[in-house]
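Only the coordinates and a few stated rules stand behind these numbers; no lab work does. All figures in this text were calculated on a predicted structure; none of them were measured in a lab. Cβ atoms come from the backbone with ideal geometry, glycine included; neighbour counts cover every protein chain shown.
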Amino acid sequence: MKTLTFFLFLILGSLAHAQFTRGDTIKATTTVHTDGSRSTLVVNPETQSAEETYFDGAGKVTQKIIYPLDPQNQPIGAITYDRKGNILAKSSYKRDEAGRIGEETITSAAGQFLRRRVYSYSAQNKVSRVDEYDANGVLIAPPPRAAKAVPKKR
């Protein structure tokens, strides 16, 4: 019941940013975006997963991303779902020597290679550039949400 109450708070709450910690186990954050949409991120170290849900301005789910986590609670990949729960894509991450996501390989729900992203970082450890390559290895334009494509270290 506490979880249901918490999720209702996240969805209905008027705060721009709220964080909940239950012991050292589950952590959840919600963010209200400038366009009125919201996203929530729930990290559960016990199940080694994180779930990010995006809502439109009316509070309807638009997308969900599940991140499997390694023993240090760092994402090792992602499964992206549409609003109906259908898998849109799967990603796997390769980390660089600093432990940051250096490369992301994206496949279809059926496992067909779609594209690859290579991340570059600034001296402040922020994503400074994302090079995206299509299935043929040809460089294409950066994705519109490049800065959001890399989950933050939790």
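Between Thr62 and Tyr121, the contour length at 0.36 nm per residue exceeds the alpha carbon distance by 18.3 nm. Across the options Ser108, Phe55, Ser128, the greatest Cα extent toward the positive end of the charge dipole of region 26-140 (unit charges at beta carbon of Lys, Arg, Asp, Glu) belongs to Phe55.
Estimated at 0.36 nm per residue, the fully extended path between Thr47 and Asn73 surpasses their Cα-Cα distance by 8.4 nm. Put simply, the convex hull of the Cα atoms in region 29-144 casts, on average, a shadow of 8.6 nm². As a rough guide to protection, the peptides 59-65, 83-89 ranked by mean Cβ packing within 10 Å, highest first, stand as 59-65, 83-89. Going 7 Å from the Cα of Ala109 toward and past its Cβ, which residues in region 30-48 have a backbone nitrogen under 18 Å from where you end up? The answer is none, because no backbone nitrogen lies closer than 18 Å to the label point.
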